[in-house]
Structures are given as C-alpha cells and as structure tokens.
Amino acid sequence: MFSPLTPAEVVAAIGATAREAARATDPSGEFARGQLLSAASASRHLTVELAGYGPLLEAFVAEVVLPLEDVAALTAWERADLVDRLGEARDARVAGEVVCDLLDALRADASPAATVFAGEVHAALRRLADAEVALLAAELEGAA
C-alpha cells in the first residue's frame, strides 16, 4: 500500500468528503456528485489494498530477508536487526523505513556484492509496486 496515509486517515478523508457532499446546498449538483463518486472510488481502492496487500508485503519481505545473510557490509547485529524489523513489518510504511535503512547500509559498502544486492532490492520494490497496481487494476476491470 503506497499511500502515505494510514487506512484510518483514508477512511476519515472519505467520511469528510461524503459529509461535505451531503451538506452541500445543492446535493444533486455535479460537484457534490463528483465528490461522492470520488469517495466511493477511494473506499473501493482501500478495500482492495486492505484485503490483498498483506500477502504482497509478506512475499516482498521474504524476498529481501533471505539474501541478507550474504551481505558482508552488515554486522551480525545489523543483519539481525533488519531481519527482525522486516519480519515484524505489517505496515508498508514500517517496511519502507527498514528498506531505507538497508539501502543506506548497502550504499555505505563499496563492495560489488552490496551494489548487486541493492539492485535486487530495487527490483523487488518494482515488482511490489507492479503487483499492487495489478491488484487495483483487477478490481477496476471486475467493476466495469
């Protein structure tokens, strides 16, 4: 889930949008209708992300955690910390913070292995983004 907002913040924004549209002086007007359609669309996307993103995040974490054993730039403590933090990440923002820490450590290492692994992490991030877009596209195609 690549939204910088938490699910609670998204739900609050949807509720505020719907409330404002309902309170409009001309609730049947085009602007109010557009606001309600936007709120419905956002809630549909949030539903898809909440239902389907967990397995995507778990697969990403597994893909990134396994090769950490081969990163010489990391001390045993750093490696264990990253593995623990990534393994516990149930929120994309938390996983993102850990991945940023990992990429910082890899950038600090000039070894070819660290450079290769950083590229693999970037590729895993691209696959994660593609998978999320595919989830949302499948929902849109199913609703059409």
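Using the 10 angstrom Cβ neighbour count as an exposure proxy, how do Phe60, Phe31 rank, fewest first?
Values: Phe60 22, Phe31 12.
Ranking Phe60, Phe31 by Cβ neighbours within 10 Å, fewest first, gives Phe31, Phe60.
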Practice item. For Ala8 and Arg127, calculate 0.36 nm times their separation in residues minus their Cα-Cα distance, and state this gained length in nm to one decimal. Key: 40.2 nm
**Study point:** Helix runs (DSSP H) in the chain reaching 30 Å along axis by Cα, Kyte-Doolittle at least 0.5
**Key:** 30-65, 112-143
**Study point:** Percentage relative contact order, the range 7-143, counting C-alpha pairs under 8 Å, at least six apart
**Key:** 25
Study note, to complete from the structure: Semi-axes in Å, largest first, for the chain (Cα gyration tensor, √(5λ)) are 40, 15, 12
Study note, to complete from the structure: The size of the Cβ-based charge dipole (Lys, Arg +1; Asp, Glu -1) of the chain about the Cα centre, to the nearest 20 debye, is 540
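Divide by every residue of the chain the summed helix terms, -39500 (n - 2.57) for each DSSP H run of at least 4, and state the resulting mean residue ellipticity at 222 nm, rounded to the nearest 500 deg cm²/dmol.
-28000 deg cm²/dmol, from helical runs alone.
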**Study point:** the range 38-144: GluC sites (Glu not before Pro) falling in loop per DSSP and having at most 11 other Cβ within 10 Å
**Key:** none
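Taken together, the values in this text are just the output of simple stated rules run on the coordinates, not laboratory data. Since this is a predicted model, take the numbers as computed values, not measurements. Methodologically, a virtual Cβ is constructed for each residue, glycine included, from the backbone with ideal geometry; neighbour enumeration extends over all protein chains shown.
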